[in-house]
Each structure stands twice: as structure tokens, then as C-alpha cells.
Amino acid sequence: MIGGGVGFLGGMFGKGGSAIATPLLAAIGVPPIIAVAAPLPATVPGTMVAYRRFHQGGFSDARVIRWSIAFGVPATVVGALATRWIDGSILVSVTDVVVALLGLKVLLTRHAAATAASTAAADADHSHETPVRLAGVAITVGLLAGLLANSGGFLLVPLYLAVLALPIRKALGSSLAVASLLAIPGAIVHAALGHIDWHIAIIFGLASIPLSSIGARTALRIDPARLERVYGAVLFVLGTTLFIVR
């Protein structure tokens, strides 16, 4: 059930879903470090399936994707290695807080409304995509993706919106492409450290991958401004609830 729900939300909101899966798995009794790492292997095929939907609709930015991968992959390896010295329960709590704060930021930022109403010419405007901003977003997301054992999608979308001023659907599509590749080094490192329970990972993946495509298809049918509001609300409610319950 968790895998299917996370797959749908991940495809719909442009992320692999590990950030959501971690607190949910921990809540049903999965050991913290396993809850942190086990969903990660399913992120690669799940996000690629969802990305294909967005890419076919023209909702991706090749330049943003290239920069995010170039700087994000090595940063992810560094973050994943650092988990050897950080307790898993701390990472679960950090995940809850970060998810809630990012959701609140998206809800309070009126950037979405202006972006959704922009024209096709505005979609082509890359004035905010400076090398410094692109590298900063990628490094920040990569480090936290490695530490929190997620593909970084839950961070990429709000940062793409706030820092790079991408339209919501283009942010979602680009995030899925980057998340699928950022998950690879993180999964390899965590597997080498013995943090992945493959029984949980396989069951999670079998449920989440098919629902990722359905989630992406649903997102493409929703009004962009409404989609961003729903995105922020889901992150805020989920992160806050799980942190309080824990």
C-alpha cells in the first residue's frame, strides 16, 4: 500500500517518493536506517517511467537536467557516505521536518500563480538559470539526497520553482529526470553499507513503479496553479503529521 501510494504521488509531484516513503515505513515499524534506504532502488525505474510522460508533453529542461546531474551526482555520494556517522532515527525526523517546511514554502510562495499564467515565451526564458544558481541547487540537493537516502525530487521541485523560476510542469518533468539518476549512486552506496532490505525494496518497487506512470498522467491533466497548491499542501500536511505522531 505504501509503495503504490508513494509511486502515484511521486509521479504526480515530480519526485521518486523516497522522502514520503521513509517516514511511512518507519511509522509501521521498519527500522529507521532501513526505512531511509530501502525505497531508493525503486526510484530509478519509477521516476524514469513518470519522466517519459512529462518529456513526451514537452515538459522538461535539458540544460537544467545536465547541470543538476553533473553537480548533483558527486554530492549525493558524499552525502550517502556521511550516513555512516549519523543515526537513522535522526534522518527520519529530519525528513519529516524538511518535507513540511518545503510544503509550507510552496504554499506561501505566490510564484506559482504568475508562472502558470505565463506564456510560451516565458517558458523559454532562462534568465534565472545562471551557472551559480544551477550548481548551487544541484549541490544542495545532492548532499541532502545522499544523507536522507532519497533521490532529491522533493527538494528539486521547490528549488526549481523558487531559485530557477521554472514553470511548474517543467520543474516536475526535469525533477523526475534528475531524480532517476541521483538515485543510482545513493542506492549503490547504501547497498554497500548494508542499509537496504531487498525484500522490502522489491515489494515496494513492484507496487510503486506502475503507479508512477498513472501519477504523471494525472499531473498533466491538472491546472498548473492548482497542481502546485496541491503539491505544497500534501508535503506540509504529511511532514507535519508524521513528525507530530512520531
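Of the residues that sit in segment 216-234 and are of a type outside the set (D, E, K, R) and out of contact with any Lys or Arg (no Cβ under 9 Å at 6 or more places or on another chain), which one is surrounded by the most Cβ atoms within 10 Å (Cβ to Cβ)? Within segment 216-234, the match that is surrounded by the most Cβ atoms within 10 Å (Cβ to Cβ) is Y231. Of V64, V36, V106, all but one fail to be hydrophobic (A, V, I, L, M, F, W, C), modelled with pLDDT under 85 and within 16 Å of V157 (Cα to Cα); the exception is V106. If you go through segment 114-162 and keep only what is at pLDDT 80 or above, of a type outside the set (G, A, S) and more than 16 Å from the chain's Cα centre (by Cα), you end up with T130, P131, V132, R133, L134.
May I ask you to list the residues in segment 58-74 that are among the hydrophobic types (A, V, I, L, M, F, W, C) and buried (at least 22 other Cβ atoms within 10 Å of the Cβ)? The answer is F59, V64. Of the listed requirements (1) β-branched (V, I, T); (2) at pLDDT 90 or above; (3) buried (at least 24 other Cβ atoms within 10 Å of the Cβ), T43 misses just one: (2).
Of the helices (runs of 4 or more DSSP H) that lie entirely inside segment 1-98, those containing 1 or more residues that are aromatic (F, W, Y) span 2-13, 40-56, 62-82. Scanning segment 27-78 for residues that are without any contact (Cβ under 8 Å) to a residue 40 or more places away in the chain and among the β-branched types (V, I, T) returns a single hit, I28. Screening segment 168-179 for residues that are over 11 Å from I65 (Cα atoms) and either at pLDDT below 85 or within 12 Å of the chain's Cα centre (by Cα) (or both) and picking the one that is surrounded by the fewest Cβ atoms within 10 Å (Cβ to Cβ) gives I168. What residue, among those in segment 184-214 that are in contact with a Gly (Cβ under 6 Å, 6 or more places away or on another chain) and buried (at least 22 other Cβ atoms within 10 Å of the Cβ), is nearest to V98 (Cα to Cα)? That would be G186.
The values are calculated or read from the model by the stated rules, or taken from the named source; none is laboratory data. Computed from a predicted model, the values in this text were never measured in an experiment. Note that each Cβ is placed from the backbone with ideal geometry, even for glycine, and that neighbours are counted across all protein chains shown.
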